[in-house]
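Here the structure is laid out as structure tokens; the discussion comes afterwards.
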Amino acid sequence: MQDAASPAPIESALLNDAAGSTILHGYFTRAGGVSEGLYRGLNVGLGSSDERDKVLENRRRVAAWFDLPVERLATVHQVHSPDVVTIDADYDGARPEADAMVTRTPGIVLGVLAADCGPILFADPDNRVVGAAHAGWKGALTGVLENTIAAMEALGADRTHIVACLGPSISQASYEVGPEFVERFVAGNPADARFFVPSETSGRAMFDLPALTVDRLTKAGVRAESLGLCTYPDSERFFSYRRTTHRKEPDYGRQISAIAIRET
């Protein structure tokens with residue numbers, strides 16, 4: 001198995017400033033993994049056709065960055081839903097269908113996978129509750145962000161203390177959509193029209209998923225930021241479903257964004 005340098009995830013200044021050393025987090029890139037070919041680097045996608053042993057080793061490396069065993073890395077079977085699960089000390093490695101997780105248990109890593117969709121990490125350092133959500137257009141539209149905040153509150157968080165950061169995701173410059181897509185948003189909330197601008201292709205539009213995401217987080221009462229990193233053009237650092245589709249490649253990897261409460 002080809003070796004590589006250790007993972008070196010990107011971190012959010014907002015999360016670091018708010019949480020200090022009590023909460024660890026990272027938006028992992030392709031760096032530091034053992035996968036090869038289309039999946040080169042740190043592919044953690046169990047749903048990809050990559051060699052399973054390599055995916056498992058990549059996941060082990062992510063957990064090791066948090067100084068935890070891979071058995072403490074919690075992920076879900078993501079289905080573009082608004083559903084959130086609560087992870088506690090009895091976590092047994094199950095991957096239920098959901099798109100977000102919350103916990104107040106130290107020593108468990110919550111990880112969400114993405115390859116253009118938005119990975120959002122949440123923290124209430126005062127009440128020691130964290131969350132992680134996967135939000136593409138469907139999850140954002142149907143409430144996965146707001147549901148994650150509510151699930152954190154059920155564990156004792158206070159939304160006025162929650163900070164959230166959107167990690168690497170597809171930007172407006174790379175996200176062309178059709179008129180039916182625009183109508184889906186505008187029909188529910190006419191103000192969402194501001195997240196679309198005309199495309200160079202007649203009748204189509206460019207969608208600003210990151211702006212929509214941060215807007216919904218802010219309106220839900222939490223402090224939020226975006227790293228401002230687009231997955232589509234940066235093949236060196238990020239996997240991208242849309243880039244893979246445009247290149248007519250047969251499959252793609254997934255990067256992970258993860259957060260954990262430090263054990264005391």
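Could you say whether any residue in the range 44-53 is outside any strand (DSSP E or B), hydroxyl-bearing (S, T, Y) and either crowded, with 17+ Cβ neighbours inside 10 Å or in contact with a Gly (Cβ under 8 Å, 6 or more places away or on another chain) (or both)?
Keep residues of the range 44-53 that are outside any strand (DSSP E or B), which gives 44-53.
If we keep only those that are hydroxyl-bearing (S, T, Y) too, we end up with 48-49.
Now restrict to residues that are either crowded, with 17+ Cβ neighbours inside 10 Å or in contact with a Gly (Cβ under 8 Å, 6 or more places away or on another chain) (or both): 48.
Checked the range 44-53: at least one residue is outside any strand (DSSP E or B), hydroxyl-bearing (S, T, Y) and either crowded, with 17+ Cβ neighbours inside 10 Å or in contact with a Gly (Cβ under 8 Å, 6 or more places away or on another chain) (or both).
Looking at the range 158-180 only, could you name the residues that are part of a helix (DSSP H, G or I) and over 16 Å from C117 (Cα atoms)?
To start, the set of residues in the range 158-180 that are part of a helix (DSSP H, G or I) comprises 159-161, 172-174, 179-180.
R159, T160, H161, P179, E180, listed by residue number.
Return the pair list, or none, for Cβ contacts closer than 8 Å from residues in the range 174-192 that are surrounded by fewer than 16 Cβ atoms within 10 Å (Cβ to Cβ) to residues that are in a loop (DSSP other than H, G, I, E, B), at least 6 apart or on different chains.
Going by the 8 Å Cβ cut-off, the qualifying pairs are E176/S199; E176/T201; E176/R204; G178/G203; G178/R204; P179/G203; P179/R204.
Can you give me the number of residues within the range 68-82 that are under 18 Å from A151 (Cα atoms), crowded, with 20+ Cβ neighbours inside 10 Å and touching a residue at least 60 places away in the same chain (Cβ under 8 Å)?
Going through the range 68-82 one residue at a time, the tally reaches 2.
Tell me which residues, restricted to the range 116-141, are of a type in the set (G, A, S) and crowded, with 24+ Cβ neighbours inside 10 Å.
Initial filter on the range 116-141 (of a type in the set (G, A, S)): 118, 123, 131-133, 135-136, 139-140.
Passing the criteria: G118, A123, G131, A132, A133, A135, G139, A140.
Restricting the first residue to the range 135-153 and requiring it to be without any contact (Cβ under 8 Å) to a residue 60 or more places away in the chain and small (G, A, S), which pairs with a second residue that is buried (at least 21 other Cβ atoms within 10 Å of the Cβ) and assigned to a helix (DSSP H, G or I) meet a Cβ separation below 9 Å and a spacing of at least six or different chains?
G139/L145
Quick grid of which residues meet (1) in a loop (DSSP other than H, G, I, E, B); (2) within 28 Å of P125 (Cβ to Cβ):
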{"residue": "V214", "(1), (2)": "no, yes"}
{"residue": "D234", "(1), (2)": "yes, no"}
{"residue": "P250", "(1), (2)": "yes, no"}
{"residue": "S257", "(1), (2)": "no, yes"}
{"residue": "A260", "(1), (2)": "no, yes"}
{"residue": "T264", "(1), (2)": "yes, yes"}
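From the list E236, E225, E249, which residue is within 21 Å of the chain's Cα centre (by Cα), in contact (Cβ under 8 Å) with a residue 40 or more places away in the chain and exposed (fewer than 13 other Cβ atoms within 10 Å of the Cβ)?
Numbers: E225 fails: exposed (fewer than 13 other Cβ atoms within 10 Å of the Cβ); E249 fails: within 21 Å of the chain's Cα centre (by Cα).
Matching residue, one of E236, E225, E249: E236.
Might you check whether a residue that is part of a loop (DSSP other than H, G, I, E, B) and charged (D, E, K, R) occurs anywhere in the range 71-78?
At the first step, the residues of the range 71-78 found to be part of a loop (DSSP other than H, G, I, E, B) are 75-76, 78.
So of that shortlist, the ones also charged (D, E, K, R) come out as none.
Taking every residue of the range 71-78 in turn, none turns out to be part of a loop (DSSP other than H, G, I, E, B) and charged (D, E, K, R).
Computed from the coordinates by the stated procedures, all read-outs in this text should not be read as laboratory data. Small disclaimer: the values here were computed from a predicted structure and weren't measured. Cβ coordinates were reconstructed from backbone atoms using ideal geometry, including for glycine residues, and neighbour counts include every protein chain displayed.
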